[in-house]
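Every read-out reported here was derived from the displayed coordinates using simple, explicitly stated rules and does not represent laboratory data. As the structure is a prediction and not an experimental result, all values here were calculated from the model. Reconstructed Cβ throughout: ideal geometry from the backbone, glycine too, with neighbour counts over all protein chains shown.
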Amino acid sequence: MKKTFPLSIEGKNPARLLEATKHEIRKYIKRERGRALPKDVDFWDFDCKFGATQELATPIHLAEVTPQIDALVQAGGTQFYLEILAKHGHRKQRAPDTPVEE
């Protein structure tokens, strides 16, 4: 997904537009995670970029997408660019003496 999301459209409530945008992003991620995994792949990982425009977009972690959107809205932004690309994820071996957190 490479898309510029407007945060203000005439005739639409900005709060509802923001929630619809977040819903679209979550739906895309859920759809990508539901795809069949290729052999030797443990999970779907994502490369993300976020910024006010495509030229200003910087890499971020997937968990930072919603907080970044909220911060942009608080700062008075009118649009944002989001790029989310699925990639193959591989689990790293844990050291045998590392305790498992519960």
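Mind giving me the FRET efficiency for Arg31 and Asp70? R0 is 30 Å, r the Cβ-Cβ distance, nearest 0.05 is fine.
0.85
If you take the beta carbon distance between Leu17 and Leu56 as r and set R0 to 35 Å, what does 1/(1 + (r/R0)^6) give as a FRET efficiency, to the nearest 0.05?
0.95
Report, in cubic angstrom per residue, the convex hull volume of the C-alpha atoms of the chain.
In the chain, the Cα hull volume divided by residue count equals 148 Å³.
Would you mind classifying region 62-101 by shape? Square roots of the alpha carbon gyration tensor eigenvalues, ordered a ≥ b ≥ c; an a/c under 1.5 is rounded, otherwise it is prolate if a/b is larger than b/c and oblate if not.
It is oblate, given that a/c is not under 1.5 and a/b is not larger than b/c.
Out of region 1-82, which GluC sites (Glu not before Pro) are coil in DSSP terms and have no more than 10 other C-beta atoms within 10 Å? Don't jump to the answer; show the numbers that get you there.
Numbers: sites: Glu10, Glu19, Glu24, Glu32, Glu55, Glu64; in loops: Glu10, Glu55.
When the GluC sites (Glu not before Pro) of region 1-82 are filtered for loop state and at most 10 Cβ neighbours within 10 Å, Glu10, Glu55 remain.
Divide by every residue of the chain the summed helix terms, -39500 (n - 2.57) for each DSSP H run of at least 4, and state the resulting mean residue ellipticity at 222 nm, rounded to the nearest 500 deg cm²/dmol.
-9500 deg cm²/dmol
Only four residue types carry charge here, +1 at the Cβ of Lys and Arg and -1 at the Cβ of Asp and Glu. Report the dipole size of the chain about the Cα centre in Debye, rounded to the nearest 20.
Dipole size: approximately 460 debye.
Which of the trypsin sites (Lys or Arg not before Pro) across the chain are loop residues per DSSP, with 10 or fewer other Cβ within 10 Å? Can you show the working numbers first?
Details: sites: Lys2, Lys3, Lys12, Arg16, Lys22, Arg26, Lys27, Lys30, Arg31, Arg33, Arg35, Lys39, Lys49, Lys87, Arg91, Lys92, Arg94; in loops: Lys12, Arg35, Lys39, Arg91, Lys92, Arg94.
Sites meeting the loop and neighbour criteria: Arg35, Lys39, Arg91, Lys92, Arg94.
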